[in-house]
Structure formats: C-alpha cells, structure tokens
C-alpha cells in the first residue's frame, strides 16, 4: 500500500467542500487498518469546524485580516466491514494524519444506501431464481423487460432486523420498450425483500390489488395502454406555438465568485456541499451585518397513506437514507437554469472510498422577479419604481421516482428564501380494474398512486448581529372593547411571547415567528432587531404519533423547534435513519446522536443564547390524475425577511427602473420588425418613462 503524499496543497478554507484528494487520503487511512478489500465505505464528508473556533476566524476574515488562525480540516467517515453488519464511524484529522473518535455504531439505525449497493441490488433481484419464478407466474408477454426499484425497508415494529431492502417490481411497456419507457406505468404485484449483506431473499410479498388488505396470491398481468412521459414516446406532437424566451445579460452578471465565496448586491456568503444535505450556505451577511451562521435542509420524510402491508412501512428519509448530494443532478444550460450561469461542481464517495464527481451540482444565476416597489404620485404623476432582482442558487436531486428542486433565493430587500419544487413521477402500485380506495387515486388502468406527504425541515442557525438570539411568537389579537382605548371596537394589538425553553411550537392563525437579538436595538423602532419567518400554515405529519412513522419522524409533528446550539447536532431525524428505531427522547447523548425532539427535551434555556431554529414545512400530496404521467412542479417557499433589522427599506438604493436599462419591446413594434426582418432588441415606450 502506497504512502500518503506530503506534497503541500493549496490552502483550503475551513468551509470549502471536501476535495477528491481529501476523500482519497481519508479512505487510505481507514483501509490501512484492515485487510485489503475488507472495507465498504458508506460516506466520507467534511466535518464542520467547532463553532466557537470558527466564529473568530470568520470575523477576522470579514474584517480583511490576512493572518488567520489555522483550523485543521477533518473528515467524518462511515463504513462497514464486508460480509458483516459491523458499522463504524471515525473522524480523520487531515493535518496530523490521525484517525480520531473511532467507534462501532449500534443497531438502532443504519447508514443510508450508496450508489454501488443500489446498482448491485437492482441487477441481482430480477435474476434471483425465486423472483424469476414469481415473475413467470404473472404470465408477462414474451420478452418483457422487468425493472427493480429499491426502497428503504422502513419499519413496522420494534424488532431490529439485519439491514434490508424493499424491492418493488415493474416492467416496461411490452409493446414498446426503450430506455425512455415509463416503467412506473406497469407496477407488478410482487415485492421481494432482501438482506443487503448476504443478498439473501427474505420473502416475496404478494401485494393487495383490491379494496381491502388481502394479498392477491395468484395475480396475472393485464395489459393496458401505456402512459409515457418522454417526448420521444408521446403520441401527440409537441406544441408549435411557443416562441423562444431568451435571458441575456450583455454586461455580465452582478455577482462575483472567489472559490466558494459569493458576493452579490450587499450579500456575502459561502457555499458548501456534502453528500447528505447537498447545498449549505454559511456565514451569511448583508451590508456587512451578520445574519445567519449556517442554513441547510436538515432532513425530509415521505410517508405514504396506504395503511396495508407492506405499504405501511413505506416512509423514506430522503437525506438520511439516500442523500441530497449523492442524488444531485448534473445541471444543463438552457434546461435546468436560464441566463448567464455559474456552475459549482463537487465530489462524493463510492463504496471503494474513491471520489465520484458531481459536476454542475449547483447552478447560480440572476432572475428578474417582477416589481420591487412602485408608487405613483397622483398629484405630480411622478413614478418611483424598481425591478426586483433575485440571486438563485439551485440544486436538483432525483430520488427514485421523485425529483426535487431546491433553491436559495437572495433578494435585494435583504430577504432570504428557500424554495422547494416537487416534480417527477408519483409512486405507483397495481390495482384491479374498477377498484377505488380512499387513500389514493387511479391514474391509469391498473395503476394506482397513493396519497402521501413530503415533510421537509430546515435547520436555521441564526447570527443576527451576533450569536446570542431569541425566538419570539407574535399573535395579532383583537382588543377588548374599552370606552377609552377601543370605543369603536376596531383595534387590535400584537402580543409577543418569547420562547425561553427548548421545545416545539405550533402554528396559529396569523402567528408570526421572529428571530430577535435582544442585545441589538433598532434606533428607529426602539425594538430588538429581528428577522421574521414568512411561512404559510401547513399540515404536519398525518400518521398517528405512536405509529412507526410518528416515532421515527418526530421532527415532522411540529412546525417549529428551538434548541440550544451544540456541535454535531445537524440532522433532525437522527444521524442514521435507515431502519431506525425511535429511542426515548431522554436518550440524546453528547456526541450529536438523537433527534431534534430529544435535543429539545433537554429544556435548555434558549433566551438570548446561541440557538438553532428548526422549521418544518410540508406538502400533503393528494394525487390528481393531472399529476400523471409526470407531475407539474408543486412549489412551496419559506422566507426569512428583515423585520425591524434595518432603518429603512433596503431597496431604496436600487436604481430607478428605465427602458434604457431594460430594453423592453412593444408587441406591435416587434410584429412590424419581424415582418420587415429587422432587429427587435430596442423597442420604444415605457410604463415608467414619465418623470424620469
């Protein structure tokens, strides 16, 4: 085994994403402790620096100091020994070349899947003799191509099995099978379960296809007309009346990039990326003022509504079981992102401990977002108007049938928004012709799509003018009738309630949650500076609290959680979610294990402390026929907006909009110029020209 090179490398920022060299070095150090070929790597990622060490470093960096303290980069690695279910984790100090904190993991939950494991299982399962026999009994047309989809096994009781994979079987259209075929349109009524380690078949489950829970033990394939989604297989031609809409920036972009440091319109922040969370933004400031230490998507869970076995186990933690970074798409010009695009590429790891490129995993671009503000003086006719520009950082992941588009939006009014778009293909199951059930929708003959929820939780680590903050609930309440203060009965007031103890909090009509810094007072309002969370009321987890879904995804039972900051507490559903067993909330330990409910249960003081706000948002997806064969984007958004943080509207120094700058074109002028074959780039007329 070769030695690790001591050749100096370029100095990396403590928050820069992990490099291929760091993955290789980490893997080599772990492999050196075992026999050759014994290690199956599950994950290698950069360990977040200790916050109390990093904060002064970041402050010095923002102040322009050139001599910065060294913060050694460390990686966190998880692996198993091939042929066993012995899982381990360790921290590797890349400076000292030492393996630190090596420990064997308990069996309360397993690390998530990996690309190699999934690929192997998808190839192995259809060729297993017992599975082939079950497929033969279906009497598929000769030559039909069978497809295996692997799912997290989930949980239905407190018994911990060896690590398992639930397989759902499909086939491509027997009449026209191509690489683009929609195999989800032909769900088969068998579902094998395998052990990951031995590839041993545990059982073949015959699925219920009627209106009750009874398994169909003698199913036969019933052909139907395929519902394809790929353009190459659609019978109807594409529309021909859609004209090009081209985004151009002739003078270039308004952002600058230095490695992973991004500056745009008074915003300054660092981008990082890892296999689990995907995009993360760090050290976020606006006009030199601190706003957020770290913001990321912490976890998401997708529980399904079908109460019958085995669907009662169908509940995927897409970040913990799969990983947003692992499943990130290679984004393409003109399709995923429009305009002048800056791409960021990263690396993750495979089971051999090799770096796997993730090219173009994040795209960054500017968009016009309509009007920023406008007022027309109805006496003078003068118009004050600006266009709203937004900086977008976007990543797209594909997890089996679903696709998710995650984006951070930075606006010129100092608002930070997190947008989620769900698209892709709804999960499908077989159903008998003419059968309907109340927990889903028939989307094609013999094809059933169960209702489900997508529950996401954001981890917001605030740093508003400093690291000691408080969360406040504000409720708008009608004033009681009062002869002096409210004689006409029209008044209302805002009642403010500080959250002083770690715990959960819920929605209420018109309730607003704010993060405040009680030590920083706005000179205009005389109140603590604040950022408000603008997020519509959403339905939380519908599964019963004592169900396995409810126990394993406790974070999804409340829209807000507040905890005291501790290093290592990043993942709201726990570090290891695959087949996880829900431990009592008093079992959280000092090493970051447990879940957000356990951390909140410590009842720490969270008033004027270093806190973390966890915000749960959800999409309860009661499937429509129009969601098939591919789902139009369903969008939800959370906004973090200044609320008494500044002394005026931050947009006030954005230049007045003008036709000279925007170069819009009148419809009639364009028609004339098109007819005459002339350029259409400099039209006349402007809604905001009056008074310029």
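Read-outs throughout are calculated quantities, based only on the coordinates presented, and are distinct from any laboratory measurement. Only a predicted model underlies this, so the values are computations on that prediction, with no experimental measurement involved. Positions of Cβ are generated from backbone atoms using ideal geometry, with glycine treated the same way; all protein chains shown enter the neighbour counts.
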- Query: Using 18 Å as the cut-off for backbone N distance, which residues of segment 362-387 belong to the label zone defined by a point 7 Å from the Cα of residue 248 along Cα→Cβ?
  - Reply: 366-368
- Query: Dividing the alpha-carbon radius of gyration of segment 20-104 by 2.2 N^0.38 Å (N being the number of residues), what value is obtained?
  - Reply: 1.33
- Residue span residue 506 to residue 21: 0.36 nm per residue of separation minus Cα-Cα distance leaves a gain in nm of 170.1 nm
- Task: Have a look at segment 490-565 and give its Rg and Dmax from the Cα atoms, expressed in angstrom.
- Result: 16.0, 50
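List 300, 121 from most exposed to least, where exposure is judged by having the fewest other Cβ atoms within 10 Å. Kindly include the intermediate steps, with their values, before the conclusion.
Values: 300 27, 121 18.
Going from least to most buried by this count: 121, 300.
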- In deg cm²/dmol, rounded to 500, what helix-only [θ] at 222 nm does the chain give when every DSSP H run of at least 4 residues adds -39500 (n - 2.57) and the total is split over its residues? -2500 deg cm²/dmol
- Message: I'd like the FRET efficiency for residue 93 and residue 608, computed as 1/(1 + (r/R0)^6) with the beta carbon distance as r and R0 of 45 Å, rounded to 0.05.
- Response: 0.85
- Taking each pair of different alpha-carbon atoms in the chain once, compute 1/r for the pair, average those values, and report the inverse of that mean as the Kirkwood hydrodynamic radius in Å to one decimal. 27.9 Å
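If you rank 161, 40 by fewest surrounding Cβ atoms within 10 Å, what's the result?
Working: 161 13, 40 20.
Starting with the residue having the fewest Cβ neighbours, the order is 161, 40.
Could you list 74, 673 so that the one with the fewest beta carbons within 10 Å of its beta carbon is first and the one with the most is last? The partial results should precede the final answer.
Details: 74 22, 673 17.
The fewest-first ordering by Cβ neighbours comes to 673, 74.
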- Cα centroids of segment 90-131 and segment 169-186: how far apart, whole angstrom? 31 Å
- Item | Computed label-point distance, nm, for sites residue 492 and residue 479 using a 7 Å Cα→Cβ extension | 1.4 nm
- Answer check: segment 115-233, Cα atoms, Kirkwood Rh, Rg/Rh ratio of 0.98
- Message: On a full-extension model of 0.36 nm per residue, what is the gain between residue 656 and residue 195, subtracting their alpha-carbon distance, rounded to one decimal in nm?
- Response: 159.6 nm
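Taking only C-alpha pairs under 8 Å that are 6+ residues apart, what is the relative contact order of segment 115-233 in percent?
Numbers: 180 pairs, mean separation 26.1, N = 119.
Rounded, it is 22 percent for segment 115-233.
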- Task: For segment 252-348, build the convex hull from the C-alpha positions and give me its volume per residue in Å³.
- Result: 141 Å³
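How much length is gained on full extension from residue 419 to residue 203, taking 0.36 nm per residue of separation minus their Cα-Cα distance? The partial results should precede the final answer.
Numbers: separation 216, 0.36 × 216 = 77.76 nm, distance 4.06 nm.
Difference between extended and current length: 73.7 nm.
In Å, what Kirkwood hydrodynamic radius results for segment 423-522 from the alpha-carbon pair distances?
One over the average 1/r among Cα pairs gives 19.0 Å for segment 423-522.
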- Task: Return an integer: the convex hull volume of the alpha-carbon atoms of segment 255-652, in Å³ per residue.
- Result: 206 Å³
- Using a basic spin-label model with each label point 7 Å from the Cα along Cα→Cβ, how many nm lie between residue 335 and residue 258? 3.5 nm
- Query: Remind me, what semi-axes does segment 170-255 give for its equivalent ellipsoid, largest first in whole Å, using sqrt of 5 times each Cα gyration tensor eigenvalue?
  - Reply: 42, 22, 13
- Note on the structure: Dimensionless Rg/Rh of segment 320-388, both radii on Cα and Rh by Kirkwood, sits at 1.35
- When the C-alpha atoms of segment 347-418 are aligned to their principal axes, what extent does each axis show, in angstrom, from largest down? 73, 24, 16
- Task: Find the Rg to Rh ratio for segment 348-503, where Rh is the Kirkwood radius over alpha-carbon pairs and Rg uses the same atoms.
- Result: 1.12
